[in-house]
Amino acid sequence: MSSGTQVQTLAQQVEAAAKAAGLALTGKAAGADFNGAPTTRFTLALGDHATTLELSDNFDFQSDALRPGVAEYMTAAAKRLKNPVPDVYLTLHGVPLRFGRFSWPFHKSTSGADTSLVHGEIKLEDGHDSPLNAKIAASITLTFMEILPALQQPYAEGFIYNAVRKVLDQGQLELVKSGNRQTVAVTTRYYSTKHHRFVFNDTDAAQRKQYLAARVFWLSGVLGEGKPLWIADNRDAQYLNTTVSELQKTADGLAAEGVIKLLGEYATPTAKLMAQRPQYEAALEAAVEFTRPKFNEDMRQGHTNM
């Protein structure tokens, strides 16, 4: 099959999957992966928002093993694109991050290590046009690769974003004004072989309640002009080690307390929630400060026992 035919076939497959999820395929552009192999970047749109799906030109997802993953990706993307800021995610410690400039699919490490990587960027979104960001190189091992149906965006984007959020909260990523690419090692410790699912954060009901309120505060109230936010995101469910139904239940509780207003699976903040802005901004400042390297000031000034 010629390269032109491959791209045409892939485009037809993507368009059909997008249409089934209520999305429109509004554009496509030629690209290349890290090693120069051809890719196609598809623009998927819903209303005023759009997202990019990048796939290898020779990728065919029509098999029974691959098709469900793309369908699930498209369905979630359609709901996420209704958000006021679809590409912004909140960490468990309350840091809103914009994810972007990820180049798919994974590519083999050039250092000789038995790993594959994907490059991207995160940026702090605090409502004040912060310059803080981090360039990311997320790596997976050969063992981990065997878990994935394919090394393509629909099968990996969710857990890569969740691993980045997890590592940032652990203080292993630094948000800077400029800097080198930082490594996020996505290992099998994030995957339960017993239950065949990803595990990032073990949370209880109180933590999920706090997280969901903070997410509505930042992504709708501060960054989204109070527009409705999808509160049952499957990526958040995976990140919090819970289910989408549990997230919906948590949202029901917040609505009963007058913290948010619910519109089905979407929520907006109330005045009661927005009145907590000083607390949320203080928590954000502390969380960002936690990511900064700490130095022994006595040693820096030459005071040492050595």
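Points worth noting:
- Qualifying residue in segment 132-142 (condition: in a loop (DSSP other than H, G, I, E, B), more than 14 Å from the chain's Cα centre (by Cα) and surrounded by 15 or more Cβ atoms within 10 Å (Cβ to Cβ)): yes
- Single unsatisfied condition, Q12 versus (1) within 20 Å of G120 (Cβ to Cβ); (2) out of contact with any strand residue (DSSP E or B) (no Cβ under 9 Å at 6 or more places or on another chain); (3) polar (S, T, N, Q): (1)
- Qualifying residue in segment 152-169 (condition: in contact with a helix residue (DSSP H, G or I) (Cβ under 7 Å, 6 or more places away or on another chain), surrounded by 15 or more Cβ atoms within 10 Å (Cβ to Cβ) and in a loop (DSSP other than H, G, I, E, B)): no
- Some residue of segment 60-81 being in a strand (DSSP E or B) and either in contact with a helix residue (DSSP H, G or I) (Cβ under 8 Å, 6 or more places away or on another chain) or closer than 30 Å to E265 by Cα (or both): no
- Among the candidates K123, K82, residue that is farther than 30 Å from L142 by Cβ, touching a residue at least 24 places away in the same chain (Cβ under 8 Å), more than 15 Å from the chain's Cα centre (by Cα) and surrounded by 15 or more Cβ atoms within 10 Å (Cβ to Cβ): K82
- The listed residue being within 29 Å of P131 (Cβ to Cβ) and either at pLDDT 95 or above or among the acidic types (D, E) (or both), out of E257, E265, E289: E289
Residues are listed down the side, and each one gets a yes or a no for (1) crowded, with 23+ Cβ neighbours inside 10 Å; (2) farther than 17 Å from K261 by Cα; (3) modelled with pLDDT of 95 or more; (4) out of contact with any Lys or Arg (no Cβ under 6 Å at 6 or more places or on another chain):
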residue: Y190; (1), (2), (3), (4): no, yes, no, yes
residue: T193; (1), (2), (3), (4): no, yes, no, yes
residue: V199; (1), (2), (3), (4): no, yes, no, yes
residue: A206; (1), (2), (3), (4): no, yes, yes, yes
residue: L212; (1), (2), (3), (4): yes, no, yes, yes
residue: V216; (1), (2), (3), (4): yes, no, yes, yes
residue: G221; (1), (2), (3), (4): yes, no, yes, yes
residue: I231; (1), (2), (3), (4): yes, no, yes, yes
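- Matching residues, segment 13-44, being polar (S, T, N, Q) and either at pLDDT 95 or above or part of a strand (DSSP E or B) (or both): Q13, T26, T39, T40, T43
- Any chance E174 is touching a residue at least 12 places away in the same chain (Cβ under 8 Å) and out of contact with any Leu (no Cβ under 8 Å at 6 or more places or on another chain): yes
- Scanning segment 38-65 for residues that are more than 21 Å from the chain's Cα centre (by Cα), of a type outside the set (S, T, Y) and crowded, with 17+ Cβ neighbours inside 10 Å yields D57, F59, F61.
The values are calculated or read from the model by the stated rules, or taken from the named source; none is laboratory data. Because the structure is predicted, anything quoted here is derived from the model rather than measured. Quick reminder, even Gly has a Cβ in these numbers, built from the backbone with ideal geometry, and neighbours come from all protein chains shown.
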